[in-house]
Amino acid sequence: MNILQNLNRPLKYVIGTFVVSIILLAVLSVISYLQIRQTSQYMSDIERNYQVMINGEMLMSHMKDMENGQRGYLITKRYAYLYPYFDAYRAVGNNLNDLERLVEGNPSQIQRLNVLKKLVADKIQIMEEDRQKTRNKELVGLDRLELGKVKMDKIREVISKFQQTEKSLLEKKYSLKITSDKRLPSYILMLSVCSGLLLMVSFGFLFRELRNRINLQKALENNLSELSRSNSELEQFAYVASHDLQEPLRKIRAFSDRLLKKHRESLPNDGQESLDKIAKSAQRMQILIDDLLIFSRMVKNSQQEKETVDLTAILDEVKTDLSLSIDEKKAEVVSVPLPTINAYKVQIKQLFYNLVSNSLKFSKADEKPQIQVFCEEISGEEIEGIDGLRKENTFYHLRFKDNGIGFEPEYAERIFVIFQRLHGRNEYEGTGIGLAICKRVVVNHGGIIKAESQPNHGATFDVYLPK
């Protein structure tokens, strides 16, 4: 547990570092993006200011061209002087349209542009009237020329203010652009430095995590070696139990039986009682050794091979083996048709034998035992409340249900632990190994077993075996 905690701690640090890195990089990226976008906006504004100033100068130049062309026509009466006049007239309209588009969003400049458009219109009207009079061979007085000059001076004044405002805006935006340009490298440098530092920190945590994983692997390898050694010792114990322990035990049982048969009558009552106790204890010890041998054989499957097993036939064999107990208690063992699976035949028979005999053993004294065996095919996704099952697999759900004495629900897991008993030996016989063997068999097949019960309401054992 400590190893897992030590591994999870640096893993949390790595995840935390990556989260902080992503957040910080996102913030710096947004700041850099906004800074670049602001610089781009400044460039756009500066370009627009330049365009306004250029169009203002061109407007003034075209107005001068119109005035010069009109003046030459008034003096010479020659139509050729009007060509620049008409060209400039068309250009003035385009200049005013461009200025209107460029100053959109600037109220003061829009107001100034409206004044300029009125002055230009008045100036053009004066020039058109003077040109028309000259064409009709009428005399254009000095007062008309003076009026045109006044309008031209006002146009020049408005354009000058127009240009000064745009120049001021341009200088301001250019200054802001210079400041923004100076900040941008700092943001980029900060982004690069933070990214590098965070990557170094993440690398440090990952390196530490990798080192811990390597240490864990070594620890697991050592544990596997210890487990292999323990299994070897268990096999040695099984050998000793099957040979060295059973031989003296058989002699104890044989001599105690001989004493009881030949000399029982000659022994006092306390001597007979002692011999009975010796015989019963030797019998219990024999059963315990046999169960331990069965359990030890279930631990290792390397010497066994799976084969096709008909579960219905297995149940019939178990019923035959337990026929004396079934007849004695007048029990009923009913079952639905069971499937054929690929399994360890000996182990499956042991599983069925232990579950059925367990129901017979813990039956009620005043009620005939009823043992029902059900089976259904079920997907892993349909099984709820059980950890460790592969949800993508299909399982056979075997259910052994009886009407026995049952047990408290809090003992549903404890009963599968080896040597765990819920009742005294004087009440019910047994070694406390039978259900542990059942669990071992199911685990060997990649399945799970669980129990449900209530006192005096029987017990249900659910076995899930992969199809």
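Every read-out reported here was derived from the displayed coordinates using simple, explicitly stated rules and does not represent laboratory data. On a predicted model such as this, the values are computed, not experimentally measured, just so you know. All Cβ positions, glycine included, derive from the backbone under ideal geometry; neighbour counts span all protein chains shown.
For a bin width of 5 Å, list the pair-distance distribution of the stretch 303-466 built from all Cα-Cα distances, rounded to whole %.
Once binned at 5 Å, the Cα pair distances of the stretch 303-466 give 2, 8, 17, 23, 22, 16, 8, 3, 1, 0.
Report the FRET efficiency, 1/(1 + (r/R0)^6), for V140 and Y79, where r is their Cβ-Cβ distance and R0 is 22 Å, rounded to 0.05.
0.85
Give me a comma-separated list of calculated 3J(HN,Hα) values for the stretch 257-268, in order, Karplus coefficients 6.51, -1.76, 1.60 applied at θ = phi - 60°, integers in Hz, x for any Gly or Pro.
Result, ordered by residue: 5, 5, 4, 5, 6, 8, 10, 4, 5, 7, 8, x Hz.
Using θ = phi - 60° and the Karplus form 6.51 cos²θ - 1.76 cosθ + 1.60, what ³J(HN,Hα) does each residue of the stretch 344-350 get, whole Hz, x for Gly and Pro?
7, 4, 4, 5, 4, 5, 5
Can you give me the distance in nm between label points at R250 and L176, each placed 7 Å from the Cα along the Cα-to-Cβ direction?
Output for this residue pair reads 10.5 nm.
With θ set to phi - 60°, apply the Karplus curve 6.51 cos²θ - 1.76 cosθ + 1.60 along the stretch 457-467 and write out the HN-Hα couplings as whole Hz, x wherever there is a Gly or Pro.
After applying 6.51 cos²θ - 1.76 cosθ + 1.60, I find 10, x, 9, 10, 10, 9, 10, 10, 10, x, 5 Hz.
Take the Cβ-Cβ distance between S186 and E47 as r, set R0 to 25 Å, and report the resulting FRET efficiency rounded to the nearest 0.05.
After rounding, the FRET efficiency stands at 0.50.
Using square roots of five times the C-alpha gyration tensor eigenvalues, list the equivalent-ellipsoid semi-axes of the stretch 2-207 in whole Å, biggest first.
Over the Cα atoms of the stretch 2-207, the ellipsoid semi-axes are 68, 13, 12 Å.
Counting only DSSP beta bridges with both residues in the stretch 303-466, what percent are antiparallel, rounded to the nearest 5?
In the stretch 303-466, DSSP labels about 85 percent of beta bridges as antiparallel.
Which entries of K280/K319; K401/K467; K280/K450 have Cα-Cα distances beyond 31 Å here?
Among K280/K319; K401/K467; K280/K450, the Cα-Cα distance tops 31 Å for K280/K450.
How much FRET efficiency would the formula 1/(1 + (r/R0)^6) give for I378 and E317, where r is the Cβ-Cβ distance and R0 is 22 Å, rounded to 0.05?
Details: r = 26 Å, r/R0 = 1.17.
About 0.30, to the nearest 0.05.
For T308, T394, which order do you get if you count the other beta carbons within 10 Å of each Cβ and list the fewest first?
T308, T394
Non-local amide H neighbours of A331 (under 5 Å, H modeled in plane, Pro and chain starts lacking H): which ones?
Amide H neighbours of A331: none.
Per 0.36 nm of contour for each residue apart, how much would the distance between E209 and L25 grow if the chain were fully extended, relative to their Cα-Cα spacing? It would help to have the intermediate numbers written out before the result.
Details: separation 184, 0.36 × 184 = 66.24 nm, distance 2.36 nm.
My answer for the length gained is 63.9 nm.
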